[in-house]
């Protein structure tokens, strides 16, 4: 797992995230991406990816929001890759000091909750 710093991988990661969500959430994700469009690369530090043999296998985005909140865009990946991405997102949320509620929701989803319980 690592932050997605390369713009070429960022596009692919965001497409994977879009594919993991329904059309309403895809619209919200598109708006979030457009709001970040002109931001420097380092502002994308919450976008994490997993790679296997150089191929993108999953992505997760901890999108910072005002008032110490974050939007969590969960991965499409399942199994080992999803767990590793969720661990990375939880660590990032804790380091960034995002509100405890977001961390608890992420932990609940990571612990095997239904996808509908995802912290969106």
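Listing for the model above:
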item	result
Unique match (being assigned to a helix (DSSP H, G or I) and surrounded by 15 or more Cβ atoms within 10 Å (Cβ to Cβ)) among 33, 62	33
Those residues of region 83-101 which are surrounded by fewer than 19 Cβ atoms within 10 Å (Cβ to Cβ) and not in a helix (DSSP H, G or I), in sequence order	97, 99
Residue pairs meeting the criteria (Cβ under 8 Å; at least 6 apart or on separate chains; first in contact (Cβ under 8 Å) with a residue 40 or more places away in the chain, in region 5-25; second in a helix (DSSP H, G or I))	14/29; 14/33; 17/29; 21/29
Selected residue (criterion: modelled with the lowest pLDDT) from residues of region 67-82 that are part of a loop (DSSP other than H, G, I, E, B) and surrounded by 21 or more Cβ atoms within 10 Å (Cβ to Cβ)	77
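The values are calculated or read from the model by the stated rules, or taken from the named source; none is laboratory data. This one's a predicted model, so the numbers in the text were calculated from it and none came from an experiment. Virtual Cβ from ideal backbone geometry, glycine too; neighbours counted across all protein chains shown.
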